[in-house]
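I have placed the structure first, in the form of structure tokens, so that the comments after it can refer back to it.
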Amino acid sequence: MGVSSNESIQLCIFDLRRGQHEGQELDKILFFFPAGLPFSKQLSVIGLSEGLITFTRIFSPEAACEVIEAERHSHVFHEAEPDIWMVMLVEKSNDSEPIWRDDALRKVLKEIHSLFVMFHGSVRAMLEKEPGGGLTRRHLYSFIMDYLRACKKQSPWDNCCWDFLAGRKLLLPSFRDCLKERGTVQMLTIGREAAIEVQSLVRVLESSAGNSLCYSLILFQDLLVSTTLSPDDTINLFTYAVLRLTPHALSSGSSSWSYLRKGSTASNVATESNSAHPNTLSESLYGTSDISSGEDNNYHVVRPLQSDKWSKGKDGYLVTDLWGAEVGTWVFATPTVWLQQTGEKMYLCVYQHKSLTLMLMIPVSAVPNGEQGVSEVRRQIIENASLQILKVEEKLSKGWGGENAYHVGGYRYLLVDGDRNVSRASPATKVTTLTKESLLAMNKLRQEVELEKRRAKLDGCNFEKDLEMCIRTKNNAWVISRVTRGKELYMVLEKAGETLLYAKDAVEKFSDSVLPMPNCYPY
């Protein structure tokens, strides 16, 4: 999967507005992995990161620092919120070729923060409500450790997924993941008749909540069919659905992948959990060392990424106890999320029929009766939309091509539409047939493209120019990238002709047969 070592990879979150006075330095630490590292070393890492941030601002006050390459380490930065920084410190390997990409690591940091905000709101808002920071640290520690354990196969056929934690070690997305794109959605291609049925279903779903402005998201298998959310909110809900809500996620159970791995058994997870806080000083900063219960003595910490907590009820709705129960009752509280675009808190209702998963987001402010009002909306959906749900699932099932639906013979590819945050790639089972040399070459090529994009950003211009690169590898494969009008195509051809003309013709044939990708957005 990637590189690992007990202390070769460190992940931290800190607040530049805190801990500015002598003796209060620990206040700025909001999260640190590994948490068992002595505080002196944690403060050393954060102090170095803070110094690099301050230094680089002298030369680029408008653009936040993203990556600093040192002789032995890479420092990957993400300013998640104003003055709240996430930093990953990675020790470089001895390999001649880099086995990971800076951009892939930054997207891990971005995804952690985006999902956290969707469930808990912004970190800054939590700190303002509770200036001591203890509650914020508990939320961050529980959430991020669950995240590192939660990420599993993105589909039933994905054999080389993002799998980060191995026992007590943090693993990174490696060159083997170079034909994947985090922070995008994968979509199902459907015909005109099916699209009409889906649009009809969306109207029925959103009308079931009365006059409230609701949003919906529909998946088939682990692929997106339709969304009325903004692109950013769609990515967040889609990511969560694939991790925890789709039929495959529900059926994977204890066999699901985890970023805390190396024999992903319960004993290994517990060992890491307890070793993360080896002393009472750490416990006083991050909270209790036992994060298995999901709550402390004074406050229930919602942990939406815990595994095996969702199940399908007899009425087809998915239920969970992660959000606790309604006060004074044994009724499970309906899950809630925060939308990034509107800032609204929404009830999340999830209905499932066979391979079809429907997600409906209803404003909390529009349901005055709480759980009773949500139950009425659920009843209306079943009453009004049942027939349409059956039709849509049947049509999509008939048109579904299976695990190799988007395989193109002779090609191993990744296609990214950056304007819509959509990607499509060769099935993972096909990508695993590529040699290590080909994957390393593609990883290096992607790093070069990302560097060009970063330079264009620093120059204050959008990366609109066309860019095409072709590399002949040591194992006589062609590794190709083409960037044009917001779309990026990456391709590996291992059984190909020797001439550059052959490679160019292969790209043209692929582009004619695959482009453009379908659109799931209504705008």
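The values are calculated or read from the model by the stated rules, or taken from the named source; none is laboratory data. Please read all numbers here as calculations on a predicted model, not as lab measurements. Positions of Cβ are generated from backbone atoms using ideal geometry, with glycine treated the same way; all protein chains shown enter the neighbour counts. Heads up: the accessible areas ignore ligands, DNA and RNA and are worked out on the full protein's heavy atoms, side chains in. Shrake-Rupley method; radii C 1.70, N 1.55, O 1.52, S 1.80 Å.
So the values come out like this:
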read-out: Most to least packed among 132-138, 489-495 [average Cβ atoms within 10 Å]; value: 489-495, 132-138
read-out: Per residue value of the accessible surface for the range 412-514 (all protein chains in place, 1.4 Å probe), Å²; value: 51
read-out: Against the rule of thumb 2.2 N^0.38 Å, how large the Cα Rg of the range 318-445 comes out; value: 1.52
read-out: Cβ-defined net charge surrounding Leu30, 14 Å radius [Lys, Arg +1; Asp, Glu -1]; value: -3
read-out: Among the listed pairs Lys28/Lys129; Lys487/Lys509; Lys180/Lys457; Lys436/Lys474; Lys107/Lys180; Lys430/Lys504, those beyond 19 Å (Cα-Cα); value: Lys180/Lys457; Lys430/Lys504
read-out: Within the accessible area of the range 412-514 (1.4 Å probe), percent carbon and sulfur; value: 50
read-out: Karplus-derived HN-Hα couplings along the range 62-72 (A = 6.51, B = -1.76, C = 1.60, θ = phi - 60°), whole Hz, x at Gly and Pro; value: 8, 10, 5, 5, 10, 9, 10, 9, 9, 5, 10
read-out: Hz values of 3J(HN,Hα) by residue in the range 303-315 - Karplus curve (6.51, -1.76, 1.60), Gly and Pro given as x; value: 10, x, 9, 4, 7, 6, 10, 10, 8, 9, x, 5, 8
read-out: For the range 438-444, Karplus couplings with θ = phi - 60° (6.51, -1.76, 1.60), whole Hz, Gly/Pro x; value: 5, 5, 4, 5, 5, 4, 5
read-out: Rounded Å value of the spacing that divides the Cα centres of the range 209-233 and the range 37-55; value: 41
read-out: Mean projection area, nm², convex hull over Cα of the range 412-514; value: 6.7
